[in-house]
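Here the structure is laid out as structure tokens; the discussion comes afterwards.
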Amino acid sequence: ILGPPGTPYLTALASRAAGLARQALDQRETAMVCLTRAHEGFSALDMPFEAARCLLEQAALAGAVQSETAATAGLQGLAVFERLGARRYADRARRLLRKLGISPPVTRRVCLSGIPLSERELDVSRLVASGLTTPEIARRLVLSPRTVTTHLVHIYSRLGIRSRAALARRVIDAGLLSSEDENTE
């Protein structure tokens, strides 16, 4: 399922596991090298979530000893988690940054008809307005269809609407549908 030994994904995964194991054995320098290698591997594979997890682990490992390295890795990881809508991991990154004495940037929420939506909810809303189905949105955003449905339930509740058509009208009326969104697959 994962591919033959030596594939880039398995190499990155093994590097991450080795880094976490070395960290548990208090071999900090070797752990940092392994986590850096894992981050580079996941980045090369265009796997931003996994790469950001490695950044968060690097930040935790660097901690107060290498505060600048920790801050940089933590802030980069936070930015990726927020962009991906990975709230739980974004919260972890914020907690770690505060523990390191760094004030994380405040997340900006975009408003749709005066109601704040997360970036991920806005992404889902735009794709609904462009006419994509739930499975198509899931594939586009690398989410499960169930997660897309959950986002839609939250969006409908916040906006006080009951249909995809009403959501599309709100997005279009707010001018949030770009020409790129309209020219979807």
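Please report how far the C-alpha centroid of the range 77-99 lies from that of the range 1-42, rounded to the nearest whole angstrom.
21
Please tell me the relative contact order of the range 27-81 in percent, rounded to the nearest whole number, where contacts are Cα pairs under 8 Å and at least six residues apart.
Values: 54 pairs, mean separation 17.5, N = 55.
It comes to 32 percent, rounded to a whole number.
Of all accessible surface on the range 1-67 at a 1.4 Å probe, what whole percent is carbon and sulfur?
60
Can you pull the Kirkwood radius for the chain, inverse mean 1/r over Cα pairs, to one decimal in Å?
On the way: mean 1/r = 0.0548 Å⁻¹.
Evaluated over the chain, this radius sits at 18.3 Å.
Can you work out the accessible area per residue across the chain, with the rest of the protein chains kept in place, probe 1.4 Å, in square angstrom?
Details: 10680 Å² over 185 residues.
Here the per-residue accessible area is 58 Å².
At most 15 other C-beta atoms within 10 Å and a DSSP loop state: those are the exposed trypsin sites (Lys or Arg not before Pro) I care about. Give me the longest piece of the chain that has none. All intermediate terms of the calculation are to be shown ahead of the outcome.
Values: sites that count: 108, 109, 162.
That would be 1-107.
Counting only other residues whose beta carbon sits under 15 Å from that of residue 45, what net charge do I get with K and R as +1, D and E as -1? Before the final figure, lay out the partial values.
Numbers: positive: 16, 37, 53; negative: 40, 46, 50.
Result for the local shell: 0.
With no solvent and one equal point scatterer placed on each C-alpha of the range 1-87, evaluate the Debye formula and give log10 I(q)/I(0) for q = 0.12, 0.16, 0.18 Å⁻¹, two decimals.
Scattering profile of the range 1-87, log10 relative to I(0): -0.34, -0.59, -0.73.
The values are calculated or read from the model by the stated rules, or taken from the named source; none is laboratory data. Quick caveat: nothing in here was measured; it's all calculated off a predicted structure. Cβ atoms come from the backbone with ideal geometry, glycine included; neighbour counts cover every protein chain shown. Note: accessible area is taken over every heavy atom of the protein model, side chains too, but ligands, DNA and RNA are not part of it. Shrake-Rupley method; radii C 1.70, N 1.55, O 1.52, S 1.80 Å.
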